[in-house]
1. Scanning for something in a helix (DSSP H, G or I) and open to solvent by 40 Å² or more (accessible area, probe 1.4 Å), does the range 156-168 turn up at least one residue?
2. If only one of 404, 439 is among the small types (Gly, Ala, Ser), in a loop (DSSP other than H, G, I, E, B) and buried (at least 16 other Cβ atoms within 10 Å of the Cβ), which one is it?
3. Filter the range 363-378 for residues that are assigned to a loop (DSSP other than H, G, I, E, B) and either open to solvent by 50 Å² or more (accessible area, probe 1.4 Å) or out of contact with any strand residue (DSSP E or B) (no Cβ under 8 Å at 6 or more places or on another chain) (or both) and give the result.
4. If you scan the range 482-500, which residues turn out to be in a loop (DSSP other than H, G, I, E, B) and either among the polar types (S, T, N, Q) or within 16 Å of residue 523 (Cβ to Cβ) (or both)?
5. Please name all residue pairs, on different chains or six or more residues apart, with Cβ atoms under 8 Å, provided the first residue is in the range 428-442 and is farther than 21 Å from residue 153 by Cβ and the second residue is part of a loop (DSSP other than H, G, I, E, B) and open to solvent by 50 Å² or more (accessible area, probe 1.4 Å).
6. Those residues that are open to solvent by 50 Å² or more (accessible area, probe 1.4 Å) and on the phi < 0 side of the Ramachandran plot, I need them from the range 226-243; list them, please.
7. Restricting attention to the range 502-512, does a residue exist that is touching a residue at least 40 places away in the same chain (Cβ under 8 Å), under 30 Å from residue 135 (Cα atoms), open to solvent by 20 Å² or more (accessible area, probe 1.4 Å) and polar (S, T, N, Q)?
8. Which of the residues that make up the range 442-460 are open to solvent by less than 10 Å² (accessible area, probe 1.4 Å) and touching a helix residue (DSSP H, G or I) at 6+ places or on another chain (Cβ under 8 Å)?
Amino acid sequence: MALYRLNILTTLVTSTVVALFVLLPGAAAGRLSPEDDCLSKQLQAAARLYGCLVKADRSLIKDGDTSRYEERRSKCVRSFESKWGRIEARTTARGGTCPTTQGSNSIQGKIGNESQDLTLLLGGACTTGGLPKTGQAHCYEDNASEIPCAGTGQDGDVRAGVGSSFVNNGNGTISDISTGLMWSASNDAGGLFDKDLERTLAEAFGWIDDLNGHCDDDETVACNSDPDCAAIGNGRCGHAGNRNWALPNPTQLLSLVQYATDGRPALVDPAFEDGCTPGCEACSCTAARPYWTSSAYLGNPIVNWFVPFDVGSLSVVDKLTPLRVRAVRYDPSSPCPQGCPAAGLPRTGQSTCHDAAGAGGIPCEGSGQDGEHRLGVVRSAVLNSDRTITDVASGLTWEVLDDSGGPHSHRLLFSYDDALDHCESLGSTCDADQTTPCSSDTDCSGTGGACGHAGYRDWRLPNVRELQSIVNYGLVNLGGVPATDDAFRLGCTPNCSNCSCTFPLGYWTSTNFRGNRRWAFRVAFNEGDIAAKDKGDQYYARCVRGGTAN
C-alpha cells in the first residue's frame, strides 16, 4: 500500500506524534482519560517502531548484512510488543479500554510494510505490487465450461497486478512502461532480427554481443562508442543506440506472456505481433515457439530454462538445442504509470555461471548469463510476527505455512477448486479459531478479535506470475532445499508450529491454461518449472494478499 493510504496509527507515527500532545489537553497521564492516554502511548510506541524499522533498513543499505537486518527488525518488533502489552495492562488497571480493535501483530505488520515502502520510494522504486497482470479475464469450471468470474477467486476474477503498457518505439525496440524494460523487436525480413532464426544458447549469447558491439545501421561494423559509427547511418553504436542488451532471465521473459490472448499465433501483447506478414520488415513478430532465457537449471547445468510462447510455461532443454531469441535491457528513463521510476521485476536469485558442459565456478564477467547481469529488484522477503511474509520486491503479503497439521500446514494437498476455497476461507474465519466463520472482527470477539488470518480478509490463491516470483532460481533442485528465500523456510522441523515451511513440490496458481480449460498452472518449488495440470490433480497451496487487484 502507498504511504498516503496509511491508517491512523501509521499516518501519525511519521509526522504528527508531537501534534497529538498539542491536540490533547496535556501529555501527563493524569490529565487524560484512560482511553486517550492509551491512544497517546500506543502512538508513541508505533512511532518508535517505525523509526526503529527505518533505521534497520538504513543499516542494510550501509553494510549489506541481511542476517543482521533480520535480527534488527526482530528486535524492533519485540520491543514494540512488550511496550504494547504494558500499555494495555496499565489502561485496564485504570478501568479503561484501549480504543484500537486490532492487536499488536496487525499494527506492527502494517507499520513494517510502510517502513519498507518508504525505503523503496526513497530508492526510486514503485511500491504498487508491480508484477504485471496475466491478462486473464475469463473463468472456467473443471469441465472447461465458461462461468461468470465474480466470486470465483480465479485469476480472471481477481486480475491482480499492474496493467501492461507496451509501446513500439519505431526503431526496432518495444518498451514495457510497467516494468521499465525495453525489448528488441522481431520481423520476418530474414535478417538479424528475423522471428524464425534459431540459435543454440552459445549462439544466442553471441547474438547479444553483436547487438552491443556493432553499429546500429550496419551490423557488419564493430564499435565501442558512437564515434566509431559517425559516418554510418544514425551514427549510433549498439542496437537502437544502446549497448546494455542482455538475454532475458525467466521472470523477464515470462512477463511478456499474456495468458488470455486468443486468436493470435503467440501469447503476447499485440505490440509484439503487429502487421506480421511474410517478408515484412517494418512489422513486429513473435513465433509461437520456445525462446531462450539467460538462466541455467542448477539441478543439471547442461540444460537451460526456456519459455514457449504457445503455452506460457517454463521448462528446460539442452543448451545445444536451437531456439528463438529476444533481447532485453533495463531502461531507467522509462516512467511507470504511477509517475515514479519503474522498479523492474524481482531478480531470479542466480549468482553463479557455468560453461557449455555445465561446469560451475567460471567467472561470470563477460558470460552474458543471469549470474552476471542479475537484472531486477533485489530479493527481500521478511517474516512477520503475525504469521505472514512481506515480499518487499513485489509488495505482496504471503501466508506462512508450518508443519503443525492445522489449516496452515505445508503438507495439505488440494484440487484446484479446493485450493481456491481454502484461500477464501483464510479471510472468512476467525484468526484464532479458523472453524468460526466471520464477516467482521465483532464475530470473533470471543476468540481473539480478528476476522481473517492475521486480521486480513482479502486472502486469495496467487496467479502464475505472483507464485513464480518467489521461486529462487539460485536454489533450484539443490539437495532437497525448497527453492525459496529464507523467510519461506525458516526453522521448519517435524510438527513445528512457530516456523515457516515450503514443501518442495508443486503449488496451485489461480491461472487457467487456455490450451485446455480443464487444466490450470502450477509452480514447482523443487524444480522451479511452470506447467499446466488437470484441475482434479492434488497439489499444495500458499495464499497471498495485496498488490493491485480488480
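1. Within the range 156-168, not a single residue is in a helix (DSSP H, G or I) and open to solvent by 40 Å² or more (accessible area, probe 1.4 Å).
2. None of the others qualify; the one that does is 404.
3. Narrowing the range 363-378 to residues assigned to a loop (DSSP other than H, G, I, E, B): 363-369, 374-376, 378.
Residues satisfying the conditions are 363, 364, 365, 366, 367, 374, 378.
4. Taking the range 482-500 and keeping what is in a loop (DSSP other than H, G, I, E, B), we get 482-485, 489-500.
Of everything in the range 482-500, those that are in a loop (DSSP other than H, G, I, E, B) and either among the polar types (S, T, N, Q) or within 16 Å of residue 523 (Cβ to Cβ) (or both) turn out to be 482, 483, 484, 485, 489, 493, 495, 497, 498, 500.
5. Once the first residue is farther than 21 Å from residue 153 by Cβ and sits in the range 428-442, its partners that are part of a loop (DSSP other than H, G, I, E, B) and open to solvent by 50 Å² or more (accessible area, probe 1.4 Å) give 432/448; 433/448; 441/101; 441/102.
6. Answer for the range 226-243, where residues must be open to solvent by 50 Å² or more (accessible area, probe 1.4 Å) and on the phi < 0 side of the Ramachandran plot: 226, 227, 228, 230, 231, 234, 236, 243.
7. No.
8. Passing the criteria: 451, 452, 453, 454.
The values are calculated or read from the model by the stated rules, or taken from the named source; none is laboratory data. Owing to the predicted nature of the structure, the values given are computational and were not obtained by experimental measurement. Neighbour counts run over all protein chains shown; Cβ positions are idealised from the backbone, glycine included. With ligands, DNA and RNA removed, areas are computed over all heavy atoms of the protein, side chains included. Shrake-Rupley method; radii C 1.70, N 1.55, O 1.52, S 1.80 Å.
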